[in-house]
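A quick write-up on the structure given underneath.
The values are calculated or read from the model by the stated rules, or taken from the named source; none is laboratory data. These numbers were taken from a predicted model, which means no experiment stands behind them. FYI the Cβ positions are ideal-geometry reconstructions off the backbone, even for glycines, and counts take in every protein chain you see. These accessible areas exclude ligands, DNA and RNA; they are computed on the full protein's heavy atoms, side chains included. Shrake-Rupley method; radii C 1.70, N 1.55, O 1.52, S 1.80 Å.
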Amino acid sequence: MLIPPFLRKGSVVRLVSPAGVIDAELVDGAVKCLNNWGLEVRVGQNVATRHGRFAGNSEQRLNDLQEALDDAECSAIFCTRGGYGTVQIIEKLNWDGFRNQPKWLVGYSDITMLHAFLWQQGITSIHGGMAKALMEWETIDADQVNDIMEGRPPRPPKPPANPQTPPPSQAPAGN
């Protein structure tokens, strides 16, 4: 498996919304988290656009994701949320630029189909936290994503803030 280059302070990352709509407040929180990691964040033009349940119409979502895939300066693409909608654009994506210059892709839920495609291409990606997890950037998931993308082994899970919450090893599975 090909591992994209690890991030460094000052690396450019993109926030895109290829599926469901997201509140602008969550996007702002994600930008703050990524800036705190020392990254330069570029937000997709339509990241918080609303078109029914989607983050913009299919063409807007396609354009934002394609621009991120093709961005030669970009080292990682963070999807803001899943839901539904990526299936409407995946077959229209041109992966040539990405194959020539792989970058980290982070997300889960509906974004899993992008991970499956990258896995078939032999490219590593991260099934991990999106904008809400990054907004609450002290969370286990966000810290582990940062560790992986900077080339460090992920740190062990923190104890749950709420003792009633099961530890990750006992939490129910799923997206």
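Can you tell me the 0 to 90 degree angle between the C-alpha axis of helix 58-70 and the longest principal axis of the chain, rounded to 10?
80 degrees
For Lys9, go through the aspartates and glutamates and keep the ones whose alpha-carbon is under 14 Å away, minus same-chain ones fewer than eight residues off.
Glu40, Glu73, Asp147, Glu150
Could you state the accessible area per residue of the range 1-124 in Å², with a 1.4 Å probe and every protein chain left in place?
Details: 5760 Å² over 124 residues.
That works out to 46 Å² for each residue.
Quick one: of the DSSP bridges fully inside the chain, what percent are antiparallel, nearest 5?
Roughly 10 percent of the DSSP beta bridges within the chain come out antiparallel.
How would Trp119, Trp37 line up by accessible area, probe 1.4 Å, largest first?
So the residues, ranked largest to smallest area, are Trp119, Trp37.
To the nearest 10 degrees, how steeply does helix 24-36 sit against the main Cα axis of the chain, on a 0 to 90 scale?
Taking Cα atoms only, the helix is inclined about 70 degrees.
Report in % the part of the accessible area of the chain that belongs to carbon and sulfur, leaving out ligands and nucleic acids; probe 1.4 Å.
Numbers: 4650 of 8980 Å².
Answer for the chain: carbon and sulfur cover 52 percent of the accessible area.
Which GluC sites (Glu not before Pro) from the range 35-85 combine a DSSP loop assignment with at most 13 other Cβ atoms within 10 Å?
Glu73
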